[in-house]
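The values are calculated or read from the model by the stated rules, or taken from the named source; none is laboratory data. Since the structure is predicted, the reported quantities are computational estimates derived from the model, not experimental observations. Cβ coordinates were reconstructed from backbone atoms using ideal geometry, including for glycine residues, and neighbour counts include every protein chain displayed. These area figures cover heavy atoms from the full protein model, side chains too; ligands, DNA and RNA do not enter into them. Shrake-Rupley method; radii C 1.70, N 1.55, O 1.52, S 1.80 Å.
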Amino acid sequence: MGVIGLVTSTAGTAGAAGTEAGAHAARTRALAVLRVRSTALAVALLPAAVAVVLLAGSLTGRIPDGSAVAAARPAVTAAALVVLALAAAVAAVVVRARPALSPTVPVPEETAPDLYRLVRDLADRLDVPPPSAIALTPDCDSWLEDRAHRAHRPVRPAGHGRRAAAPVLVIGSPFLWWMRVAELRALLAPVVAGTGPSAQPDIAAARRFVRGLDAAVAVAAGRPLLAFVGWTARLLLRSCRDHAAEMERGVAAAASERAQTVDYGLRIVAQEQVGLAYAGWDRLLNRVALPAWRMGRWPSRLDAGVVSALTELSRRDRLAEGFASRLGERPACDLLEEPGVIDEAASLLAARLFHGGPDRPGPGWTPVSWSQYPEEVVDRKWRLEAARLHRVLEDVLDDLTACPADAVPVADGTPAPPTVARVLDRLTGPAGPGAGERLGARLSAELAREAGHRAADARASGGRGALVARGAEGPRFDGLVPLFPLQPPRSDRELLTDHVTAMICCAAVDTAGAVPGLDWLDGPALLVGGARRADLARTVLSLVEDGDGEPLRAWLGEVGVRPEKPVRLG
């Protein structure tokens, strides 16, 4: 969120300097931000003031009509009018521009009365206003966000008319499924405590000013007619950025100190759970969700998967011992009336933010349950990659100047069957190094071409992707660009390794009785005799990186895979 949002992150709860000191520092910095605004207003009014003085002097006779000062009056007046017009344009854009909002899943009170009750009780204990609403974000963080679009109206203290609208509490959805109710309350204490400054007039006004400038910069971007507006807004932002950052630090310090009286011991435990939840969530997204997203499927219960992933992490990692025993306590997701519906909405939003998928189900973008994942994602992923490898291998062989002596004999006009033996021959024979490089490059080009076709089809069908722009009407979603991409592009060698592995897994399923499976921490897995065979990766790397096929041949013989048998591609 930076300094443009009403943010009190769960990560900023340490190092508080005391409630009074933090509040005083925040208000001091807020006044500094407002001084920047006042200075800008004074600069804009200065030419007009000079023009008024000259006009008054002429009317009263204090400035003779024939003097040089009087002669300059028309030019000064014209300059004043230009400056006032430009200032009015800047002010109009700043006032009308709507700050970008974080994409979230709204949680109406009727769908989570217990959660709202917990937050209100927490606000009462902290003696701060309760948040105006609750929303979920598919990430491991929590914050407050001001969503009052008409934010440039003055805020009057209580007893003088209107009060500022309370901000929205945004909660990381993985926290609700992994954390227990008491842990969630302790985690949210310093966040909810941040609602207090939203009622402080100077801090609220400073935040509105900074958010308006930030929105004005976004509105002016790429619009030549608003170039001056953008330049002015950027200049003002640079002038008040440091003050705004220090103001937010002071607010966080005051909120953290205020929350010390609420569940202090549990807050330490909750912070430990934040780190664990983030580790499990990151692996679940990268290794489990991402393969499905790339195929046009989105797991519909990501948050429920977090529990399985973290339970598995607890089992494997001695540092996480004892965490699984917490599962007997009441989970925070019980505070929701329909956890499954909320989980599905958060899962779809996660796919949009981290992968750039459409914002609603449709052809080529359908949900998948965890029970269906091995068959509908893992097996299909392997078949598609094996088919792509076979198709690209044909193209590469056409490019080679001569056919190696160890090539599989094929009758004229008959395409070679897709077999593991054929892949082994190409990557270990005399043309192995050249074929491997060509295969990797062709796979990269093929994937780029397929991604381009999918994006074009989505745009043609009216699909919408992740946040790429924002303007006077708020956030705009267009195209298939992820807002928070999970992984950098894979190298040619990584792609070749993935595709060779897929071909071998298909052969193991077809000829050795293996089945596709799901590992909660590592994603798609090959199960042989009910046990995961993670040792396949080492043998494939030896083949792709060193051209050594012996470890893989030994593995195939041990598992019972028949490399000469054609692989089913569809």
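Structure summary
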read-out	value
Any hit, the range 256-270, residues being open to solvent by less than 40 Å² (accessible area, probe 1.4 Å) and on the phi > 0 side of the Ramachandran plot	yes
Residue satisfying all of: in the range 224-246; farther than 20 Å from L41 by Cβ and within 27 Å of the chain's Cα centre (by Cα); least open to solvent (accessible area, probe 1.4 Å) among these	A245
Boolean, V274 is within 14 Å of F175 (Cα to Cα) and not aromatic (F, W, Y)	yes
Some residue of the range 327-345 being closer than 16 Å to A277 by Cα and open to solvent by 40 Å² or more (accessible area, probe 1.4 Å)	yes
Positions within the range 40-81 being of a type in the set (S, T, N, Q) and either closer than 30 Å to C240 by Cβ or in a helix (DSSP H, G or I) (or both), in sequence order	S58, T60, T77
Residue match in the range 90-99 (condition: open to solvent by less than 40 Å² (accessible area, probe 1.4 Å), over 37 Å from the mean Cα position of the chain (by Cα) and within 27 Å of L226 (Cβ to Cβ))	no
From P485, P433, P415, residue being more than 29 Å from A289 (Cα to Cα), at pLDDT below 75 and either part of a loop (DSSP other than H, G, I, E, B) or open to solvent by less than 50 Å² (accessible area, probe 1.4 Å) (or both)	P415
Test set (1) in a helix (DSSP H, G or I); (2) touching a helix residue (DSSP H, G or I) at 6+ places or on another chain (Cβ under 8 Å) - R352 fails condition number	(2)
Residues satisfying the stated conditions in the range 355-381, i.e. of a type in the set (G, A, S) and part of a loop (DSSP other than H, G, I, E, B)	G356, G357, G364, S369, S371
Given (1) out of contact with any Asp or Glu (no Cβ under 8 Å at 6 or more places or on another chain); (2) open to solvent by 30 Å² or more (accessible area, probe 1.4 Å); (3) among the hydrophobic types (A, V, I, L, M, F, W, C), index of the condition A304 fails	(1)
Every pair of residues 6+ apart whose Cβ atoms lie under 8 Å, when the first sits in the range 258-275 and is more than 29 Å from H24 (Cα to Cα) and in a helix (DSSP H, G or I) while the second is of a type outside the set (A, V, I, L, M, F, W, C) and open to solvent by less than 70 Å² (accessible area, probe 1.4 Å)	V269/E183; Q273/E183; V274/T10
Enumeration of residues in the range 283-321 that are of a type in the set (D, E) and touching a residue at least 60 places away in the same chain (Cβ under 8 Å)	D303, E312
Evaluation of R297 against (1) open to solvent by 20 Å² or more (accessible area, probe 1.4 Å); (2) closer than 20 Å to D139 by Cβ (one fails), failing number	(2)
Near pairs, Cβ below 7 angstrom, 6+ apart or cross-chain, from the range 109-122 (farther than 14 Å from A133 by Cβ) to any residue that is in a helix (DSSP H, G or I)	D114/L335; L118/R185; L118/L335; L122/R185; L122/L188; L122/A189; L122/V192
Any chance L495 is out of contact with any Leu (no Cβ under 9 Å at 6 or more places or on another chain) and under 30 Å from A351 (Cα atoms)	no
Residues of the range 22-54 satisfying the condition of being in contact with a His (Cβ under 6 Å, 6 or more places away or on another chain) and surrounded by 20 or more Cβ atoms within 10 Å (Cβ to Cβ)	R29, V33
Qualifying residues in the range 510-528 (those that are open to solvent by 20 Å² or more (accessible area, probe 1.4 Å) and under 26 Å from D546 (Cα atoms)) - the one farthest from the chain's Cα centre (by Cα)	P524
